[in-house]
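Heads up: the structure comes next, in structure tokens.
Taken together, the values in this text are just the output of simple stated rules run on the coordinates, not laboratory data. Keep in mind that this is a model prediction, so the values were computed, not measured. Note: ideal-geometry Cβ built from the backbone for every residue, glycine included; neighbour counts use all protein chains shown.
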Amino acid sequence: MSEGKLGLETSIPDKLLALFRVIGIGRKEAKVYLTILTRGPITARDLALYLNVSPTKVYEPLNKLASLGLVVKTNDRPAKFMAVEPRIAWRRIKGMIEDNIRVFEEKLLPQIEALYHGSSGLYRIILVPGHDVLYRLIDVIVSSRTNIDLALSYRELITEQILKAIINASKHIKVRVLIDKKYSDFQELLTLRNEGVNIHVIDGMFGSGVIGSSVLLIVKTREGNLIGMWSDHEFFVEIAKVYFEHLWGKSYELIRS
């Protein structure tokens, strides 16, 4: 049987293959996994015959898949390989990914940041494109070593991810949130209020942003797209704080309904 006639098992969509690569699975392992998923339980010999390869060619990907918890071997003679239920397999993989992310954040990221901050004595100003604005805003919140002030005047910034980051930050530092009046009745913001976050309302606020250890200013282009400017220079952080205090003094507290 030629490899080009293997059908679904070897015709792997690029998007699916890209997802496999995130968890360390290449095209060879993906072929084996999809074959077992759709035709298993199957012996290594039958798997090799189906894929038109020698039996020795399937043991390496089988071992890799087994180590990731995607397939298991039965006690039959000869042994058969079967796919773990996809949702169970995903929970195992998700746990491994989260562990790797945790290791990176706790051990590697501080070392990389130390090199980055030590690379130049000059201050940094970065123009943040629209597709990165939300990620940069969350990063300022979660990485801040000082109290945080937020001004949210755009609906696009009131997302579950951002609200979750605000709540988590408020558990160990002081967080103040200034909201444009037109969003003051959003139930999500009342959830923040109930979590102890200090929320004020102001009418007709221009622009948005967050101030912490660094500052991110956010505006909209004429086309309606978000764009930001980020800096970690003390001068810009202090200017932003002064302006925020000015707005905070003109605002009123959001009252729980």
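Once label points are set 7 Å from the Cα along Cα→Cβ at both residue 85 and residue 38, what is their separation, rounded to one decimal in nm?
2.3
For segment 123-253, with only Lys/Arg (+1) and Asp/Glu (-1) charged at the beta-carbon, what is the dipole magnitude about the Cα centre, in debye rounded to 20?
I would put it at about 60 debye.
Considering only DSSP beta bridges with both partners in the chain, what is the antiparallel share in %, to the nearest 5?
70
For residue 21 and residue 49, compute 0.36 nm times the residue count separating them, minus their Cα-Cα distance, and round to one decimal in nm.
7.5 nm
Note down the net charge around residue 154, summing +1 for each Lys or Arg and -1 for each Asp or Glu among other residues with Cβ under 12 Å from its Cβ.
+1
Considering only C-alpha atoms, what is the centroid distance from segment 204-257 to segment 61-101, in Å?
47
Working from the alpha-carbon coordinates of segment 123-253, get Rg over Rh, Rh being the Kirkwood radius.
0.92
Give me the number: length gained by fully extending residue 105 to residue 238, i.e. 0.36 nm times residue separation minus the C-alpha to C-alpha distance, one decimal in nm.
This chain segment gains 45.1 nm when fully extended.
Within segment 151-257, what percent of beta bridges assigned by DSSP are antiparallel, to the nearest 5?
65
What does the charge count around residue 233 come to, taking other residues whose C-beta lies under 14 Å from its C-beta (Lys +1, Arg +1, Asp -1, Glu -1)?
-1
Strictly over 31 Å apart at the Cα level, which of 107/181; 182/241; 220/241; 94/241; 164/241; 107/220 would you flag in this model?
In this structure, 107/181; 94/241; 107/220 lie more than 31 Å apart at Cα.
Along the positive direction of the dipole of the chain (beta-carbon charges: Lys, Arg +1; Asp, Glu -1; about the Cα centre), which of 173, 146, 16 reaches farthest?
Most positive-ward Cα: 16.
Over all directions, how big on average is the projection of the convex hull of the alpha-carbon atoms in the chain, in square nanometres?
Value for the chain: 19.9 nm².
Provide the gained length on full extension for the span residue 76 to residue 188, in nm with one decimal, where the gain is 0.36 nm per separating residue minus the Cα-Cα distance.
Result for the pair: 34.9 nm of gain on full extension.
In debye, nearest 20, what is the charge dipole magnitude of the chain about its Cα centre with +1 on Lys and Arg Cβ and -1 on Asp and Glu Cβ, if you could check?
1000
What angle do you read, to the nearest 10 degrees and between 0 and 90, between the alpha-carbon axis of helix 56-67 and the longest principal axis of the chain?
That works out to roughly 40 degrees.
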